[in-house]
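The values are calculated or read from the model by the stated rules, or taken from the named source; none is laboratory data. Note that the structure is predicted; figures quoted are calculated from it, not measured. Backbone-built Cβ (ideal geometry, glycine too); neighbour counts: all protein chains shown. Surface areas here come from the heavy atoms of the whole protein model, side chains and all, with no ligands, DNA or RNA. Shrake-Rupley method; radii C 1.70, N 1.55, O 1.52, S 1.80 Å.
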Amino acid sequence: MTRFHNIDGERVQFTVAEETARDAKEAAWAAGANDRAAVQVREERDARLAETDWMASSDLTMPSEWVSYRSSLRDVPSQEGFPNTITWPTKPE
């Protein structure tokens with residue numbers, strides 16, 4: 001694919017070196033997609049855990065379904081297909 005710059009209002013084709021550099025940048029960006037997705041999933045997981053942190057207070061006894069829910073949240077990164085396919089645990093009522 002031919003790429004162009006806009007230099008002083010003029011359309012100028014990339015040089016071979018510019019094409020090569022741009023291809024390398026795009027490849028590096030694509031290679032980091034899973035890392036970026038993993039960060040987003042972990043942030044969502046951490047937010048869900050934070051919502052229930054008050055239940056882990058030392059003066060409360062956490063019901064077993066909430067213990068299981070929090071454990072399942074911590075296990076999200078070990079799921080098959082992580083970070084692109086996530087099965088979020090169901091929050092107890």
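Structure data summary
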quantity: Of the criteria (1) in a helix (DSSP H, G or I); (2) open to solvent by 80 Å² or more (accessible area, probe 1.4 Å); (3) modelled with pLDDT of 95 or more, which one Glu80 fails; calculated: (1)
quantity: Test: residue in the stretch 49-65 that is at pLDDT 95 or above, in contact with a Leu (Cβ under 7 Å, 6 or more places away or on another chain) and not hydroxyl-bearing (Ser, Thr, Tyr); calculated: yes
quantity: Extreme residue, least open to solvent (accessible area, probe 1.4 Å), among residues of the stretch 30-73 that are of a type in the set (Phe, Trp, Tyr) and closer than 12 Å to Pro89 by Cβ; calculated: Tyr69
quantity: Thr2 being open to solvent by 90 Å² or more (accessible area, probe 1.4 Å) and either touching a helix residue (DSSP H, G or I) at 6+ places or on another chain (Cβ under 6 Å) or in a loop (DSSP other than H, G, I, E, B) (or both); calculated: no
quantity: Pair list, Cβ < 7 Å and 6+ apart or interchain, from the stretch 1-30 residues that are without any contact (Cβ under 8 Å) to a residue 60 or more places away in the chain to residues that are open to solvent by less than 80 Å² (accessible area, probe 1.4 Å) and in a helix (DSSP H, G or I); calculated: Arg3/Glu19
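Per-residue answers, yes or no, for (1) of a type in the set (S, T, N, Q); (2) at positive phi; (3) part of a helix (DSSP H, G or I); (4) in contact with a strand residue (DSSP E or B) (Cβ under 7 Å, 6 or more places away or on another chain):
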residue: Arg11; (1), (2), (3), (4): no, no, no, yes
residue: Glu19; (1), (2), (3), (4): no, no, yes, no
residue: Val39; (1), (2), (3), (4): no, no, yes, no
residue: Leu60; (1), (2), (3), (4): no, no, no, no
residue: Arg70; (1), (2), (3), (4): no, no, yes, no
